[in-house]
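Down below is the structure, laid out as structure tokens.
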Amino acid sequence: KHGWLILLGVGQGDTSQDVDFIIDRIVKMRAFADENGKMNKSILEVQGSVLVVSQFTLYADTRSRRPGFTAAAPPDLAKRLYEEACAKFLEA
């Protein structure tokens, strides 16, 4: 019934601390309606779901006709932080 689709882009210089920060923000964001219809409940409170999709294209530089992805993290770092983020969502 309730959930988030998270398009997760990992950039150059991102760390485990960044993962901790964003996971905390997402799971505590009060964006679901309470019994009065006000956006006052978190994904945890509504027992919602999260689908995390790795999306390096969020870091695309599209100022030219050919997009560049140099701001995206290298694959090994991106994969590690993506997997870390997925594990932390499961723990939340």
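Every read-out reported here was derived from the displayed coordinates using simple, explicitly stated rules and does not represent laboratory data. Remember, predicted model here, so these are calculated numbers, not experimental data. No Cβ is skipped: glycine too gets one built from the backbone with ideal geometry, and neighbour counts run over all protein chains shown.
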Checklist outcome for this item: Dividing the helical contributions, -39500 (n - 2.57) per DSSP H run of n ≥ 4, by the residues of the chain yields a 222 nm value, nearest 500 deg cm²/dmol, of -10500 deg cm²/dmol
Next on the checklist: Just the number: Rg to Rh for the chain, Cα atoms, Kirkwood Rh, two decimals.
Outcome noted: 1.07
Checklist entry - Against the longest principal axis of the chain, how steep is helix 75-91, in degrees 0 to 90 to the nearest 10, with axes from Cα atoms? => result 10
Item to check | Two-site FRET efficiency, Q47 against T70, from Cβ-Cβ distance with R₀ of 25 Å, rounded to 0.05 | outcome: 0.05
Next on the checklist: For the range 4-48, take every pair of Cα atoms, bin their distances at 5 Å starting from 0, and report each bin as a whole percent.
Outcome noted: 6, 19, 24, 19, 14, 10, 6, 2, 0
Checklist entry - Using Cα atoms only, what is the angle between the long axis of helix 16-28 and the major principal axis of the chain, expressed in degrees (0 to 90) to the nearest 10? => result 30
Checklist entry - Counting DSSP beta bridges in the chain, what percent are antiparallel, to the nearest 5? => result 40
Checklist entry - What residue among A33, Q12, L58 has its Cα farthest toward the positive end of the dipole of the range 7-92, where the charges are +1 on Lys, Arg and -1 on Asp, Glu, each on the Cβ? => result L58
